[in-house]
Amino acid sequence: MNGNAFREDAAPGREDPGARQRARLVAAVDGLMASPEGRDFLRWLLAVCRCFEAQAPGAAGGALAERLIFAEGARQVGMHLLRLLQTAGTAHFPNLLLTREDDDEPDGCGGDPSAGFHAR
């Protein structure tokens, strides 16, 4: 996959080579938002990407710094997903936060996000 397919600063006047791919991704997000299972999956993915968690390297550095770099990569994936949600529909992200199919669990998708996605 070409990392430049999602660039927002494409040159004007030229057809964006990633426009068709973005349109397919927007359609996929719309499809996921249409079902409780799809919304569960999006919530799980955002939780796994740790978009809304802050981490800081300790004074020791080393392995903690490596984990921080890895977490930042995961967060970058989540930020791309957030941008895609916003592109697909400005109401998608707020609806994702407000619609709680499973209010008994803290993450809205059946438990600990580190345990992986699971079927209901």
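Please treat every number below as a calculation from the coordinates, not as lab data. Because the structure is predicted, anything quoted here is derived from the model rather than measured. Neighbour counts are summed over all protein chains in view; Cβ atoms, including those assigned to glycine, are modelled from backbone coordinates with ideal geometry.
The stretch between residue 56 and residue 95 holds 11.0 nm of extra length on full extension. This uses 0.36 nm per residue minus the Cα-Cα distance. Annotation for residue 74 and residue 41: the two label points, set 7 Å from Cα along the Cα-Cβ direction, are 2.0 nm apart. In terms of packing, defined here as the mean over residues of other Cβ atoms within 10 angstrom, the peptides 44-54, 64-74 line up highest first as 44-54, 64-74.
Annotation: extensible slack from residue 65 through residue 23 equals 11.4 nm (criterion: 0.36 nm per residue apart, minus Cα-Cα distance).
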